[in-house]
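Rule-based calculations on the coordinates, nothing more; no lab input. The structure displayed is predicted, hence computed values, not measured ones. Methodologically, a virtual Cβ is constructed for each residue, glycine included, from the backbone with ideal geometry; neighbour enumeration extends over all protein chains shown.
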Amino acid sequence: MDLKRLSDRERLIAEQAVETLRALDRAADDAPHGQGLACMEAAIHDKGFDLLRSIMSATANARDEAQKKGPASGTVPAAGRPSSRHASRVRS
């Protein structure tokens, strides 16, 4: 990958990914013995989900159709089920 050819949006995401990696490295380095994975998972919850939200936001903002309000193709009616009021009673 030629980093010089990245768009501004791609460069921002790449920088955030590097920051997330650095946070994971710090979490692993600073973790008490036997707690490395737990500390790295905490870093992912802190930084990784922010990165994913940022990627989703950048992707949505880059598309006009993602900015439209309302349902994508109309409403979806609930599946109809037979009413229990009209079921015949079974006697034993």
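Structure data summary
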item	result
Mean separation of Cα contacts under 8 Å, 6 or more apart, over the residue count of region 3-67: relative contact order %	31
Size of region 1-66 as Cα extents on the principal axes (Å, biggest first)	48, 27, 12
Net charge contributed by nearby residues that have their C-beta within less than 14 Å of ILE44 (K/R +1, D/E -1)	-1
